[in-house]
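Student: First the structure, which I've put down as structure tokens, then a few questions once you've had a look.
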């Protein structure tokens, strides 16, 4: 059993990862360089399409597992009070 607060926090995390991952993945697949953490200097420069799409694939996979695991969890409400 999972409390509502933890459930909603993990749902928010998976949504944030998906929202961040989709634009990076699209730019990587289309062949355009895109700013990412894998660039030099990190977070400022643009990284290659291969690095962007492969790095964000791991992020999207993490978001999927986070959503899939906790989507099946039995949720009980927080205690009143």
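The values are calculated or read from the model by the stated rules, or taken from the named source; none is laboratory data. Treat the numbers as computed from the prediction; the structure is a model and nothing was measured. Backbone-built Cβ (ideal geometry, glycine too); neighbour counts: all protein chains shown.
Student: Would it be correct to say that residue 28 is surrounded by 15 or more Cβ atoms within 10 Å (Cβ to Cβ) and either within 17 Å of residue 65 (Cβ to Cβ) or touching a strand residue (DSSP E or B) at 6+ places or on another chain (Cβ under 9 Å) (or both)?
Tutor: Yes.
Student: A further question on this structure: Please determine whether any residue of the range 33-42 is in a helix (DSSP H, G or I), out of contact with any helix residue (DSSP H, G or I) (no Cβ under 8 Å at 6 or more places or on another chain) and loosely packed, with under 13 Cβ neighbours inside 10 Å.
Tutor: no
Student: Under the condition of being surrounded by 15 or more Cβ atoms within 10 Å (Cβ to Cβ) and more than 18 Å from residue 49 (Cα to Cα), which residue from the range 1-25 is modelled with the lowest pLDDT?
Tutor: Among those residues, the one meeting the criterion is 7.
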